[in-house]
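Just so it is clear, none of the values below were taken in a lab; they were calculated from the coordinates. Note that this is a predicted model, so its numbers are computed, not measured. Every residue, glycine as well, gets a Cβ built from its backbone with ideal geometry; the counts of neighbours run over all protein chains shown.
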Amino acid sequence: MANRIPPSLCWLIDKRARIAGEIRKANRLLQKAQTLLLEINQLEEKLKAIDTTLDLHNIKVNIDLIEPIESKDYKLNIPHGELTRSILTCIRMYQSNGPVSAEVIANFVINRHFDFENGVTLHKSRIGRSVHNRLSGLYHKGVLIRHHAADKNEFGLWTLSDNLIKNNSASKP
């Protein structure tokens, strides 16, 4: 007969795991905050340089009257080439079951690179759009094969091109 773990010990173990998880999450958020602070400092330096240049100009411009314009573009905060690498990894992993849907690929990228909490659906849709655009780019380069009609605005099915599969299998011993 197996020894039973007392409920109080189970509770303590669970409590410890939850607190450790909160610490890990807080450290991750702290790193993101430090990155954002660095980015803010760099942007403020650029703004000061532009203000100085405007001040030197013959035509005087009151910089206080210039309204800030927020960009509507969403920049994925992942290293260059990582989106393509993740897309190709996902397709290689799941292609044996048939063509992989763009929705599966987008979820793979999201789970691999992003930590979402409290319904950040807007960013998920923007990431999905970035994945869709990259899939189209890879298709036009001949890396992927499209298995859906191009004129439809929906998630499609994708596989690696035959040339890429042959090159990968030839390079393996």
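Ranked by the mean number of other Cβ atoms within 10 Å per residue, highest first, peptides 129-137, 55-63 order as 129-137, 55-63. Computed from phi, the 3J(HN,Hα) profile of the stretch 56-69 under the Karplus parametrisation 6.51, -1.76, 1.60 (θ = phi - 60°) reads 7, 5, 4, 8, 7, 10, 7, 5, 6, 8, 7, 7, x, 10 Hz, with x in place of Gly and Pro. Sites listed here are GluC sites (Glu not before Pro) in the stretch 15-71 whose DSSP assignment is loop and whose Cβ has at most 16 other Cβ atoms within 10 Å: Glu70.
Distances between placed amide hydrogens fall under 5 Å for Leu144 paired with Tyr139, Ser161, all partners being 5 or more residues away or on another chain. By the count of other C-beta atoms within 10 Å, a proxy for reagent exposure, Ser71, Ser101, Ser125 are ordered fewest to most as Ser71, Ser125, Ser101.
Take the Cβ atoms of Lys46 and Arg126, set R0 to 25 Å, and the FRET efficiency comes out at 0.55. The phi torsions of the stretch 44-52, fed into the Karplus equation with coefficients 6.51, -1.76 and 1.60 and a -60° offset, translate into couplings of 5, 5, 4, 5, 5, 5, 5, 4, 5 Hz, rounded to whole numbers, with Gly and Pro shown as x.
Of the chymotrypsin sites (Phe, Trp or Tyr not before Pro) found in the stretch 2-101, those in coil by DSSP whose Cβ has at most 13 other Cβ atoms within 10 Å are Tyr74. Pairs from the table (Lys25/Lys46; Lys15/Lys124; Lys48/Lys124; Lys32/Lys124; Lys32/Lys75) lying more than 24 angstrom apart at Cα are Lys25/Lys46; Lys15/Lys124; Lys48/Lys124.
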